[in-house]
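S.K.: My questions will all concern the structure given below.
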Amino acid sequence: MASSSSSSSFLGNLLVVPMDGSHWIGIKAIAEEMGRRGHRVTVLIPEISIRLGPGKYYDTVVYPVPYDQAYLDSVMSSHTDILKKETESITERIKTRFSQFQKISNFIHITAEGLLFNDTLIARLAQQDFDAMLTDPFLPTGSLVARKLGEFWYTGIISIHLYLHIFTPLTAQSFPGCPSPPSYVPRFFTGYTDQMNFKERIVNTLIALLEPLLARLLSWRFDQMAYQFLGEEVGVAEVLRDSAIWLLRSDFTLDFPRPLMPNIVLVGGINCDVRNPLPEVRLCFILGKLIAFISLLPHFLGKSRET
């Protein structure tokens with residue numbers, strides 16, 4: 001890390017490979033704050049995107065992609081149309097959802113290939129001597145780039161992942177050491193709580209057993225890309241395990257408590273706006289109501305025991 005004029009502060013060189021859409025909001029907040037504090041921040045963005053763009057406190061490097069704005073608009077409009085349809089039959093719903101999944105999947109993989117197989121850009125990045133990379137593991141492009149750049153530098157590169165959920169099928173395979181017993185931890189999309197009956201625990205266990213297979217189905221194209229790009233037989237799940245730090249945009253007030261490794265940090269609300277503090281009069285009013293409620297609480301508890 002390069003040191004600044006003050007011996008107690010350090011300025012680093014951060015590479016950011018974001019995912020487009022709503023995923024960009026959280027990463028943009030971190031990139032801008034890091035740049036505001038004096039770190040050098042470089043963001044890789046495709047020439048055509050939904051939300052990605054330049055900022056005041058970071059530099060952007062634009063790479064070409066083999067599609068135009070009309071193609072991107074068609075993908076997004078079809079996705080919006082599907083969300084508005086509510087009278088479809090089950091078979092039609094499955095058919096349209098699968099078709100849309102294919103469109104979005106193709107869009108994601110085409111964008112990833114535009115970055116990974118841009119030899120000129122990768123060689124240029126290798127000369128920048130980045131200290132760390134911030135990326136979204138939902139799209140493992142950044143993780144693959146970090147592993148590739150680590151081959152050029154003896155010290156490697158610190159990979160930092162910002163993610164919303166821990167237990168999606170793919171990322172669940174990338175958290176070694178985090179206990180996740182299916183009898184207690186509900187699987188993603190099941191809708192279960194940590195208080196499951198016997199039937200729900202059986203279903204939850206079956207889903208947990210299918211997670212490795214589902215992860216392979218979801219990542220097989222990226223697995224092929226990883227082999228071609230890195231030149232080694234390695235899967236996406238293994239690449240994600242190289243991450244030094246996981247920043248989870250969640251909190252145990254919204255999710256069920258579970259054991260986490262020391263390199264997993266909860267940063268829920270990181271992209272929320274900073275609100276002004278309450279006026280002193282309103283704050284005193286709220287505190288007064290709270291004190292009154294606490295003083296009456298033993299009375300209500302005594303009444304409930306009597307009944």
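The values are calculated or read from the model by the stated rules, or taken from the named source; none is laboratory data. No experiment lies behind these values; they were computed from the predicted model shown. Cβ atoms come from the backbone with ideal geometry, glycine included; neighbour counts cover every protein chain shown. Surface accessibility is based on the protein's heavy atoms, side chains included, excluding ligands, DNA and RNA. Shrake-Rupley method; radii C 1.70, N 1.55, O 1.52, S 1.80 Å.
S.K.: For a quick check of your reading of the model, give me the residue pairs whose first member lies in segment 243-265 and is closer than 25 Å to Thr190 by Cβ, whose second is acidic (Asp, Glu), with beta-carbon atoms closer than 9 Å and at least 6 apart or on different chains.
M.R.: From segment 243-265, the pairs are Leu248/Asp255; Phe256/Asp194; Pro257/Asp194; Arg258/Asp194.
S.K.: Keeping to segment 256-279, report how many residues are within 22 Å of Thr135 (Cβ to Cβ) and either surrounded by 15 or more Cβ atoms within 10 Å (Cβ to Cβ) or at pLDDT below 80 (or both).
M.R.: Final tally of qualifying residues: 9.
S.K.: Would you confirm whether or not segment 11-27 contains a residue that is in contact with a Pro (Cβ under 6 Å, 6 or more places away or on another chain), more than 18 Å from Ile108 (Cβ to Cβ), outside any helix (DSSP H, G or I) and open to solvent by 30 Å² or more (accessible area, probe 1.4 Å)?
M.R.: No; the residues of segment 11-27 include none that is in contact with a Pro (Cβ under 6 Å, 6 or more places away or on another chain), more than 18 Å from Ile108 (Cβ to Cβ), outside any helix (DSSP H, G or I) and open to solvent by 30 Å² or more (accessible area, probe 1.4 Å).
S.K.: Assigned to a strand (DSSP E or B) and either open to solvent by 50 Å² or more (accessible area, probe 1.4 Å) or of a type in the set (Phe, Trp, Tyr) (or both): is that true of Val41 in this structure?
M.R.: no
S.K.: Within segment 71-90, is there a residue that is in contact with a Lys or Arg (Cβ under 6 Å, 6 or more places away or on another chain) and either modelled with pLDDT under 85 or loosely packed, with under 14 Cβ neighbours inside 10 Å (or both)?
M.R.: Yes, there is a match, as at least one residue in segment 71-90 is in contact with a Lys or Arg (Cβ under 6 Å, 6 or more places away or on another chain) and either modelled with pLDDT under 85 or loosely packed, with under 14 Cβ neighbours inside 10 Å (or both).
S.K.: While we're on this one: Does Phe285 meet the test of being at pLDDT 70 or above, surrounded by 10 or more Cβ atoms within 10 Å (Cβ to Cβ) and of a type in the set (Phe, Trp, Tyr)?
M.R.: The answer is no for Phe285.
S.K.: While we're on this one: One residue is enough: does segment 163-178 have a residue meeting the conditions modelled with pLDDT of 85 or more and crowded, with 19+ Cβ neighbours inside 10 Å?
M.R.: No, because not a single residue in segment 163-178 is modelled with pLDDT of 85 or more and crowded, with 19+ Cβ neighbours inside 10 Å.
S.K.: Would you pick out the residues in segment 200-245 that are surrounded by fewer than 15 Cβ atoms within 10 Å (Cβ to Cβ) and assigned to a loop (DSSP other than H, G, I, E, B)?
M.R.: Residues satisfying the conditions are Gly231, Glu232, Glu233, Arg241, Ala244.
S.K.: Of the numbered conditions (1) at pLDDT 85 or above; (2) in contact with a helix residue (DSSP H, G or I) (Cβ under 9 Å, 6 or more places away or on another chain); (3) closer than 25 Å to Ala31 by Cα; (4) part of a helix (DSSP H, G or I), Ala123 fails exactly one; give the number of that condition.
M.R.: (2)
S.K.: Something else about it: Go through (1) among the hydrophobic types (A, V, I, L, M, F, W, C); (2) within 30 Å of Arg147 (Cα to Cα); (3) open to solvent by 60 Å² or more (accessible area, probe 1.4 Å); (4) at pLDDT below 85 one by one and return the number of the condition Leu248 breaks.
M.R.: Of the numbered conditions (1) among the hydrophobic types (A, V, I, L, M, F, W, C); (2) within 30 Å of Arg147 (Cα to Cα); (3) open to solvent by 60 Å² or more (accessible area, probe 1.4 Å); (4) at pLDDT below 85, the odd one out for Leu248 is (3).
S.K.: A further question follows. Taking the condition of being surrounded by fewer than 16 Cβ atoms within 10 Å (Cβ to Cβ) and out of contact with any helix residue (DSSP H, G or I) (no Cβ under 8 Å at 6 or more places or on another chain), how many residues in segment 106-117 meet it?
M.R.: Residues that pass the stated criteria total 2.
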